[in-house]
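Read the figures in this text as sums done on the coordinates, not as results from a lab. Computed from a predicted structure; not experimentally measured. Methodologically, a virtual Cβ is constructed for each residue, glycine included, from the backbone with ideal geometry; neighbour enumeration extends over all protein chains shown.
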Amino acid sequence: MAGYDIVIKGGTVVTPVEQFRADIGITGETIAAIGADLHGERVIDATGLLVMPGGVDSHCHIEQLRADGTADEESFVSASTSAFAGGTTTAITFSTQFKGCPIGPSLAEYQRRAATAMMDYSFHQIITDPTDEVIHQEIPALIAAGIRSLKVFLTYDPLHVDDRGFIRILAAARRHGALVTVHCENYAAIGWMTEALLAAGHTIPKYHAWSRPVAVEREATFRAIALAELVDQPIQIFHVSCSEVAEEIARAQARGVKVWAETCSQYLTLTADDMDRPGFEGAKFMCSPAPRDADAAAGLWSQIGRGTIDVISSDHSGYRFAGTAGKRSAGVDAPFRDIPNGVPGLGARLALLFSEGVSAGRITASDFVRLTAFNPARLFGLQTKGRLSPGADADVVLWDPMKQVTLTNAMMQHAIDYSPYEGRAVTGFPVLTLRRGRVVMRDGTVQAEPGTGRFVARAPYDFIKPAGCLANGFDASNFA
Ligand code: DUC
Ligand code: ZN
Ligand code: ZN
C-alpha cells in the first residue's frame, strides 16, 4: 500500500503534554503524519517503546578553540557519535571570541570544524571583548547569519566581561534580536577565595567547590538579572546549581522579567563529595559552578516541578584524564585553580534524567520531553526541532523505559577516557535514534557519515522580543 518512506509502528508517542499509542509516518527528512494504521515502505517496530523527539542539548562545548589555535579533544565527529548513542540529535555548541581579536576568523574556523558533524547543530557566540567593532558590526552580522544567542561569562580568566561590557552586549542583542545566555559567578569573589585557599595550602580538587560557594553564584545571578532588566533584554541563566539561585530567577520571573533557567545533569546527580575522592580522581568531577550536595539536587528537582527551570542540558565539556593534554595539562597534581573545568555528559544526559526523573517518579515522560528537547528547541528558536508533529524534522528516539543498564565510559562513545557516571545503574535507555529520517543508532551501534549534520540557522522568534518594560520608559539601548 502506498504510504510513507518509514513508519514507526506500535509505540507510545510522547509529546510535551500527553502520551498516546500512534504510528509516525516519515517522508524524506520530515515527519509527515501521526495516526493509526499508517503504512510505509519500511517499518520500524516500536512495540513496548516510547517514541520521543531526539534530544536537543542546548549547551555543549565541542571542539572548542583555544587561543593557541588548538581545540578541545572532543571533536564534532566523536561528539555526534556520543549524542546519537545517547538519543540526542541536535546540539548548540560554542564559538569563542578571543580577547583582543575580532570574532570573524575564529567563527570561520569553528564553522569549518563543525561541518564534519553528523548531528545537527547551531552555535552560541561567546563574547569576551565587546569593542565598538564587535558591538556594531560583528554581532549584527552573526545574528543575521542565524546565530541568535550570545554567551557572556561573568567569571573565568580570560573570558570574563565586566558589568559595562555585559550591558553593551545586552543592548546589542536587544537591537538585533538574540537571546543572551550568562555564566553567573562573581569573578572577584572567586579570585579572592582561590588565593586565600591556595595560600593556606588547600590545593586538592575538593577545594574547587570551596572557592565558589553558592553566594558567589547567587550574587552574579541577581546582578545578571538586574542588568538584563535595566536593558529589557531576555536572558537565560546557564547551569543553575541549586535552589537558592533558582529562587533569584523565580522572583524575577514573577515580576515579568524574561529570564529562563537551565540546569544540567551533573547538578542533579553529582555532589561536591565526588571532588573529594582520593588522589587526583576528584578532578574528573570538577566543573563550574561546582556540584553542591544531595539537598541542592532535591531543591533543583522541586524548582523543575515549579517551572522555574525549564531546560536540562549537559554542559558537555570533556577533558581526558590520562596524559598531559586534559585534566593534567597544568601538571600531575596541579592546584585546583589550574585544572580545566568541565565534565562530559552529552551521551549520558538523557539516560541519567530519564532514570532519575521518570523512572524515579519525579517527573512524567512528557516533562522529560519538554525539559530535554521541546523547551531547548523553542527557547533557542530551533523551529523544526524538539517535537513530534507534522512538518518537524524526523529526529526521533525510541526508548525502552524498562531497560536496566550500568553506565560505562565505553557506552558514551566520546573521545574522553572517563565518564563521571561510570558504574551508575539507570532504568530506561535509548535503543534507536533517527536523525532527519535516517537511522543513526540501533542498540548502541552508531552509523553516520561525517559531514551529514546540518547547521541550523535561527530566524527571529517571540522569546527574544523585549518585554517592553523600561525604567521611566527611556530606551538607552541605542546608546553605544
Ligand atoms: N563550566 C563552564 O561554564 N563551561 C565549561 C565547563 C564548566 O565547568
Ligand atoms: Zn558556563
Ligand atoms: Zn558551559
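See the values below:
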quantity: Kirkwood-based shape ratio for the chain, expressed as Rg/Rh from alpha carbons; calculated: 0.96
quantity: Cα-based Kirkwood hydrodynamic radius, region 433-480, one decimal, Å; calculated: 15.6 Å
quantity: Computed label-point distance, nm, for sites Trp210 and Gln383 using a 7 Å Cα→Cβ extension; calculated: 5.3 nm
quantity: Nearest-0.05 FRET efficiency for Asp157 and Ala298, computed from C-beta distance (R0 45 Å); calculated: 0.85
quantity: Amide proton proximity set for Thr27, modelled H, under 5 Å, gap of 5+; calculated: Asp5, Ala32
quantity: Candidate lysines - alpha carbon under 23 Å from Lys206, same-chain residues fewer than 8 apart omitted; calculated: Lys284, Lys327
quantity: All aspartates and glutamates inside 17 Å of Lys385 as judged from Cα atoms, apart from same-chain residues fewer than 8 positions distant; calculated: Glu29, Asp57, Asp120, Asp310, Asp367, Asp393, Asp395, Asp462
quantity: Amide hydrogen neighbours beyond the local backbone of Tyr121, cut-off 5 Å, H modeled; calculated: Ala91, Arg454, Phe455, Val456
quantity: Segment Thr70-Cys469, length gained on full extension (0.36 nm per residue, minus Cα span); calculated: 139.3 nm
quantity: Distant-in-sequence amide H partners of Trp260 (H built 1.01 Å from N, under 5 Å); calculated: Ile235, Gln236, Ile237
quantity: Percentage, to the nearest whole number, of Cα pairs in region 14-104 over 15 Å apart; calculated: 72 percent
quantity: Rg over Rh, two decimals, region 120-274 (C-alpha only, Kirkwood Rh); calculated: 1.00
quantity: 0 to 90° range, to nearest 10: angle between helix 243-254 axis and the chain longest Cα axis; calculated: 80 degrees
quantity: Pairwise centroid distance, computed over Cα atoms, of region 225-277 with region 419-437, Å; calculated: 26 Å
quantity: Relative contact order (%) - the chain, alpha-carbon pairs under 8 angstrom, separation at least six; calculated: 22 percent
quantity: Residue-wise HN-Hα coupling along region 37-53, computed from phi with Karplus coefficients 6.51, -1.76, 1.60 (Hz; x: Gly, Pro); calculated: 6, 7, 10, x, 5, 10, 10, 10, 7, 10, 4, x, 10, 8, 10, 10, x
quantity: 0 to 90° range, to nearest 10: angle between helix 104-114 axis and the chain longest Cα axis; calculated: 30 degrees
quantity: Integer Hz, Karplus 6.51/-1.76/1.60 couplings in order for region 180-197, x for Gly and Pro; calculated: 9, 9, 9, 8, 9, 8, 7, 4, 5, 5, 5, x, 5, 5, 5, 4, 5, 5
quantity: Exposed-site-free run, longest, the chain (rule: GluC sites (Glu not before Pro); DSSP loop; at most 15 other C-beta within 10 Å); calculated: 19-421
quantity: Sites Arg277 and Cys101 - FRET efficiency at Förster radius 41 Å, r taken between beta-carbons, to 0.05; calculated: 0.60
quantity: Extension gain, Glu244 back to Lys403 (0.36 nm per residue minus Cα-Cα distance, nm); calculated: 53.7 nm
quantity: The chain, helix-only ellipticity at 222 nm - DSSP H runs n ≥ 4, -39,500 (n - 2.57), divided by all residues, nearest 500; calculated: -7500 deg cm²/dmol
quantity: For region 184-324, the spread of Cα positions along each principal axis, largest first, Å; calculated: 47, 29, 27
quantity: Region 235-328: relative contact order in percent, alpha carbon pairs under 8 Å with at least 6 residues between; calculated: 34 percent
quantity: For region 278-320, radius of gyration divided by Kirkwood radius, i.e. Rg to Rh on alpha-carbons; calculated: 1.06
quantity: Whole-Hz couplings from phi, Karplus 6.51/-1.76/1.60, listed for region 225-234; x for Gly and Pro; calculated: 5, 4, 6, 5, 5, 4, 8, 6, 10, x
quantity: Nearest-0.05 FRET efficiency for Ala254 and Ala145, computed from C-beta distance (R0 56 Å); calculated: 0.95
quantity: Extension gain, Ala226 back to Gln19 (0.36 nm per residue minus Cα-Cα distance, nm); calculated: 70.6 nm
